[in-house]
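Asks: There's a structure below that I have some questions on.
The values are calculated or read from the model by the stated rules, or taken from the named source; none is laboratory data. Remember, it's a predicted structure, so these values are computed and weren't measured experimentally. Glycine gets a Cβ as well: all are built from the backbone with ideal geometry, and neighbour counts include every protein chain shown. Side chains are part of the model used for accessible areas, which takes the heavy atoms of the whole protein and leaves out ligands, DNA and RNA. Shrake-Rupley method; radii C 1.70, N 1.55, O 1.52, S 1.80 Å.
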Amino acid sequence: RGRADERRRVRQGADIEQTTRTLMGLSLDLKDFDGAKKFHDDLVARSQGSLFVKAELGRELATRNEFERAEAEFRDLVKAASGDNRALAPALKDLGSVLTKEKKLDEAVDTLKKALATASPTAGIRAEIMAIMTDAFRAEGKLPELVAILEKEPGQHFNRLATLGPLYEE
């Protein structure tokens, strides 16, 4: 009997989480940003402050081209992730990506440099950061500056070399 009650509670918890996530998405579709924020806050509370869950609203806003609102969410996420490099690098990457889309290129480049410096040399996220950096530097017409940054990085990691190769050709 105890296991059946536990399974029922787990299922109910998952159903509540999925329903709340759906309501957040519907609120965003209706441009009810305050309602979406309330549902998101509930999801974060249920996840006991998970930084992954905390990033969901910013990502959903960015998907809907609500870049200014997404920027605010990602700035909060960066503050919350400070001190945990495993969470900080993705938060900085997301913020840098949104800043790039907002054409705040100088700040985007600085943010992405921080993300690259924060990420472990072998982390898979480095490829994503480098791709966003390439787009930002290209938009600014500063690809030689990016090449110089990447050349200074220690080691012969695949992502760095895979980014540098096409940049040399370009």
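Asks: Mind listing P(r) for segment 1-143? All alpha-carbon pairs, 10 Å bins, whole percents.
Replies: Reading upward from the zero bin: 12, 35, 29, 17, 5, 1, 0.
Asks: How large, in percent, is the carbon and sulfur part of the accessible surface of the chain at a probe radius of 1.4 Å?
Replies: 52 percent
Asks: Using the Kirkwood radius over Cα pairs, work out the Stokes-Einstein diffusion coefficient for segment 15-88 at 20 °C and 1.002 mPa s, in µm²/s as a whole number.
Replies: 173 µm²/s
Asks: Among ARG59, ARG86, ARG160, ARG46, what's the order by accessible area (1.4 angstrom probe), most exposed first?
Replies: ARG86, ARG46, ARG59, ARG160
Asks: On the full set of protein chains, 1.4 Å probe, figure out the accessible area of SER27 and give it in Å² to the nearest 10.
Replies: Per-residue accessible area (SER27): approximately 10 Å².
Asks: I've got another one for you. With a 1.4 Å probe and all protein chains kept in place, how do ASP84, ASP106 rank by accessible area, largest first?
Replies: ASP106, ASP84
Asks: Just to make sure I understand: if all protein chains stay in place, what is the order of GLU71, GLU60 by accessible area at 1.4 Å, largest first?
Replies: Ranked from most to least accessible, the order is GLU60, GLU71.
Asks: What whole-number value in Å² describes the accessible area per residue of the chain for a 1.4 Å probe?
Replies: Accessible surface, normalised per residue, equals 59 Å².
Asks: Give me the percent relative contact order of the chain, please, defined on Cα pairs under 8 angstrom at least 6 residues apart.
Replies: Result for the chain is 12 percent.
Asks: Another one. Treating only the Cβ of Lys, Arg, Asp and Glu as charged (+1, +1, -1, -1), what charge dipole size does the chain show about its Cα centre? Round to the nearest 20 debye.
Replies: I would put it at about 780 debye.
Asks: Specify the residue with the greatest mean-square fluctuation among LEU43, LEU150, LEU105, computed from a Gaussian network of the chain linking alpha-carbon atoms under 10 Å apart.
Replies: Highest fluctuation of the listed residues: LEU150.
Asks: Would you give the gap between the C-alpha center of segment 108-170 and the C-alpha center of segment 73-90, rounded to a whole Å?
Replies: Taking the Cα centre of segment 73-90 as reference, the centre of segment 108-170 is 20 Å away.
Asks: Which values of log₁₀ I(q)/I(0), to two decimal places, follow from the Debye formula for segment 78-138 at q = 0.19, 0.23, 0.24, 0.30 Å⁻¹ with a uniform point scatterer at every Cα?
Replies: -0.57, -0.82, -0.88, -1.25
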